[in-house]
Amino acid sequence: MSPKTLSSSLSALKTTGSVFGVFLSNGDRVLFQDAPFSEARIAELATTLDDIALYFVQENRSPDQLSFGFDGGNLLVFIEGEHRLAVFFHHAGEVDLLAEFARSFMKDFVSSVLIEDFQAMGVSRAQDRTNGNTARIAAQAKAPIDPTSPIQPIQPIR
C-alpha cells in the first residue's frame, strides 16, 4: 500500500464518528500517526500494545480486537500479526461501527503487505518453486498407472 493510500485511508477513518486520533504500527515502530499526542507518547503506546500482543501470544491466545476506556475517551486496537491499528474515539456506542471500518482497513492493509512481500521474493524463488513442482509432476507422470477397477462401457438406459 503506497504511503499516499495509507494516509488517505486512515484520514478517512479519522473523520468517522467521534474519532480524534489514529495510528498504525508494526511492532513498536510507528508507520502512521494522526493523533493529538506527542510522538513520544504514541511510541510508548506502540511499545505497550506490542507487549500486550506478545503477552497474548505467550498465553496461546490470539485476540484480533481490543477495546479500552480511559479518562477522556476510548481506544480500539486491532492486532494482525506484527501490525497494530489504534483508533481513539469519544463515544463508546460507536465501537461496533468503528470496528467494522477499521477491520476492513486492516484486511486491505495486511493483504497489500503480503502481496508486496510476495513480489519482493523475486522471480528466482518463484522459478525454484515452479521447477520443483515440474519435477514432481514429471515423476508422477512416469510412474505406471495401476487402475483400481476395470473401466466398463456405460450401458444405455432402457
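Between beta-carbons, use under 15 Å as the cut-off and find the net charge around residue 43, counting Lys and Arg +1, Asp and Glu -1.
-3
Hey, with R₀ at 25 Å, roughly what FRET efficiency would residue 20 and residue 103 work out to, going by the Cβ-Cβ distance, to 0.05? It would help to have the intermediate numbers written out before the result.
Values: r = 20 Å, r/R0 = 0.78.
After rounding to 0.05, the efficiency reads 0.80.
Quantify, in whole percent, the carbon and sulfur part of the accessible surface of the stretch 15-57 (1.4 Å probe; protein heavy atoms only).
Numbers: 1190 of 2260 Å².
Heavy-atom surface of the stretch 15-57 belonging to carbon and sulfur, 1.4 Å probe: 53 percent.
Would you tally the net charge around residue 54, using a Cβ to Cβ cut-off of less than 12 Å, leaving residue 54 out, and scoring K and R as +1, D and E as -1? Numbers along the way, then the final one.
Working: positive: 61, 84; negative: 28, 50, 51, 59, 82.
That sum, taken over residues with Cβ under 12 Å, equals -3.
For a quick check: with amide H placed at 1.01 Å from N, whose amide H comes under 5 Å from residue 35's, ignoring anything fewer than 5 positions away on the same chain?
HN-HN under 5 Å from residue 35: 22.
Tabulate in residue order the Karplus-calculated ³J(HN,Hα) for the stretch 89-103, using 6.51 cos²θ - 1.76 cosθ + 1.60 with θ = phi - 60°, rounded to whole Hz; enter x for Gly and Pro.
Karplus-based 3J(HN,Hα) across the stretch 89-103 equals 8, 8, 8, 4, x, 8, 4, 5, 5, 5, 5, 4, 5, 5, 5 Hz.
Within a Cβ distance under 13 Å of residue 81, other residues only, what is the Lys/Arg minus Asp/Glu net charge? Kindly include the intermediate steps, with their values, before the conclusion.
Details: positive: 84, 107; negative: 50, 64, 80, 82, 117.
Once all neighbours under 13 Å are counted, the net charge is -3.
Before I look further, what does the stretch 3-117 give for accessible area per residue, probe 1.4 Å, in whole square angstrom?
Values: 6410 Å² over 115 residues.
Heavy-atom SASA per residue in the stretch 3-117 reads 56 Å².
The values are calculated or read from the model by the stated rules, or taken from the named source; none is laboratory data. Here the structure is a predicted model, which means the values were calculated and not measured. Counting neighbours? That spans all protein chains shown, and the Cβs are built from the backbone with ideal geometry, glycine included. Accessible surface is based on the protein model in full, side chains and every heavy atom, while ligands, DNA and RNA are left aside. Shrake-Rupley method; radii C 1.70, N 1.55, O 1.52, S 1.80 Å.
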